Amino acid sequence: MKKTGIEKQVDEFTSKLESFSKALPENKIALIVFSGDLDRVLAAFIIATGASAMGMDVVMFFTFWGTPVLRDKKRRVGGKDFMGKMFGTMLPKGTDGVKLSKMNMGGMGTAMMKSLMKKKNVASLDQMLDLAEEMGVRIFICEMSMDLMGFKREEMIDYKNLTFCGVAKFLEEAQSSKIQLFI
Amino acid sequence: MKKTGIEKQVDEFTSKLESFSKALPENKIALIVFSGDLDRVLAAFIIATGASAMGMDVVMFFTFWGTPVLRDKKRRVGGKDFMGKMFGTMLPKGTDGVKLSKMNMGGMGTAMMKSLMKKKNVASLDQMLDLAEEMGVRIFICEMSMDLMGFKREEMIDYKNLTFCGVAKFLEEAQSSKIQLFI
Amino acid sequence: MKKTGIEKQVDEFTSKLESFSKALPENKIALIVFSGDLDRVLAAFIIATGASAMGMDVVMFFTFWGTPVLRDKKRRVGGKDFMGKMFGTMLPKGTDGVKLSKMNMGGMGTAMMKSLMKKKNVASLDQMLDLAEEMGVRIFICEMSMDLMGFKREEMIDYKNLTFCGVAKFLEEAQSSKIQLFI
């Protein structure tokens, strides 16, 4: 049986609607955490947990100076070359070593900000990380940055939704997100 | 009367089209002004007023170092605790105290840039603020940042479309925007 | 001949679908390269070339501190006023003068990072630029920034898809992009 003109058009609409629904962004936010400054990393986590609380899917991609923030504070890893050891010593080892981008004043400003956050009931970076993990925020770590700085997978924090990946993986997630921010 | 197959499909299309049109971003741009550096705040206002001139709805969310930029230059507010007084003194008081992120050279670079902007007919920060207000650019100030730095609502500038809010309000606006930038 | 109810609805759907397909973002990414730091400019090019390899249309908009990165290393241009000469001397002359935002340590950190990138087979800025040109990445340079810093068109690099423009042109591209980042 031949299809009528209208039946054909209905078929066409159906396929067009399908391709549109694929092209629409998902209720997702993709954050690049490039900075390793306390203020910017905090902002990233406040946005991430806030978006998650609103029901958004959240992806954080840690790269460059953001990478050392995710090192485990206690774990020690051997077998590094000279450059790896140097970066390992100079860059912050996890959330404790992270400093303000301004008004650090030899650490005094950062300490003040941390005590102020406590007083005002703003969660610390460690608490933010725990909260993010609980809420299902996915964290990606840039493998190229780790390679450049000589970091090994074993020295990174334990986190449920942790993936090591490259820029292509991030772009894939960002493409289908409503919001993307470079922090 | 029973609906025919095609009539049912038409109903389905209608509801799908409706949900699609809701999922499409609005002709809107959402800017997070995190930085308090003259160069970055200027960039934010140039983008904001440019987008507004193109007919876009514009939302600027001032947070962290961006917050003190919106303090009124002349207003004095009492009743602050020690930390509030310290932040109040150390952070720029409005647009006049804002400095370049690079080549500030003890204020000389910033002064040079300002005189250069005047010579080249680039609007100053104050002029940009006036223009933005006139154009209907909406400004949000992050309440958590204000609380941390001990700023009070009374010491902020007079601006027509000024709202004090949290991260959720910003994310709501950003979700439905075509462009989002973290500056 | 009069159209039936269903025929009218089909017409309506067709026009709605058309306007939707125009409102959908293109498979495009728009990057604002505001920073002139080696780490951030590198990140911009890694994202740009990565996106291009995935088949995305890529637009980079160089503004403010990003502008001098695109100066040709060898070309000398005369006829500048005092301020133009000063900016010309103080700002990096092309990719060679670009430094890390952190751990520069008088140039030692930047040199270390460059040698490390070579060792780990990460492309240099110059190689990135060549790759971007080959891949068809479009580069825009902000005319207002050039004017402020006294740069002339003749002193910029040769690049196939180079355009001098203002903020409106960037916003136009960003509006129709899936991803926008302020770097």
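Descriptive notes on the structure:
- Close pairs (7 angstrom Cβ cut-off, 6 or more residues apart or separate chains): under 10 Å from B:LEU38 (Cβ atoms) and at pLDDT 85 or above in the stretch B:97-113, part of a loop (DSSP other than H, G, I, E, B) and among the hydrophobic types (A, V, I, L, M, F, W, C) anywhere: B:GLY109/B:LEU100; B:GLY109/B:MET103; B:THR110/B:LEU100; B:MET113/B:LEU100
- Unmet requirement for B:GLY136, which otherwise passes all of (1) surrounded by 17 or more Cβ atoms within 10 Å (Cβ to Cβ); (2) away from chain A (no Cβ under 14 Å): (1)
- Candidate set from the stretch B:48-96 (those that are polar (S, T, N, Q) and more than 24 Å from B:GLU26 (Cβ to Cβ)); member that is most open to solvent (accessible area, probe 1.4 Å): B:THR89
- Yes/no for B:LYS178 being modelled with pLDDT of 95 or more, more than 15 Å from the chain's Cα centre (by Cα) and within 13 Å of chain A (Cβ to nearest Cβ): yes
- Residues within the stretch A:105-132 that are over 17 Å from the mean Cα position of the chain (by Cα), away from every other protein chain (no Cβ under 12 Å) and buried (at least 16 other Cβ atoms within 10 Å of the Cβ), tallied: 1
- Selection status of A:ALA43, under 24 Å from B:LYS169 (Cα atoms), touching a residue at least 40 places away in the same chain (Cβ under 8 Å), among the small types (Gly, Ala, Ser) and assigned to a helix (DSSP H, G or I): yes
- Taking the criterion of being within 12 Å of chain A (Cβ to nearest Cβ) and either at pLDDT below 95 or assigned to a helix (DSSP H, G or I) (or both), the residues of the stretch B:151-175 that qualify are B:VAL167, B:ALA168, B:LYS169, B:PHE170, B:LEU171, B:GLU172, B:GLU173, B:ALA174, B:GLN175.
- Members of the stretch C:139-181 that are surrounded by fewer than 21 Cβ atoms within 10 Å (Cβ to Cβ) and of a type in the set (Phe, Trp, Tyr): C:TYR159, C:PHE164
- Of the listed requirements (1) at the interface with chain B (Cβ under 10 Å from one of its Cβ atoms); (2) in contact with a strand residue (DSSP E or B) (Cβ under 6 Å, 6 or more places away or on another chain), A:LEU24 misses just one: (2).
- Count of residues meeting criterion [at pLDDT below 95 and not in a helix (DSSP H, G or I)] in the stretch A:114-150: 6
The values are calculated or read from the model by the stated rules, or taken from the named source; none is laboratory data. Since we're looking at a predicted model, the values are computed, not measured. A quick note on method: Cβ atoms are made from the backbone with ideal geometry, for glycine too, and the neighbour counts reach across all protein chains shown. When the accessible area is computed, the model is the full protein with side chains, heavy atoms only, and any ligands, DNA or RNA have been set aside. Shrake-Rupley method; radii C 1.70, N 1.55, O 1.52, S 1.80 Å.
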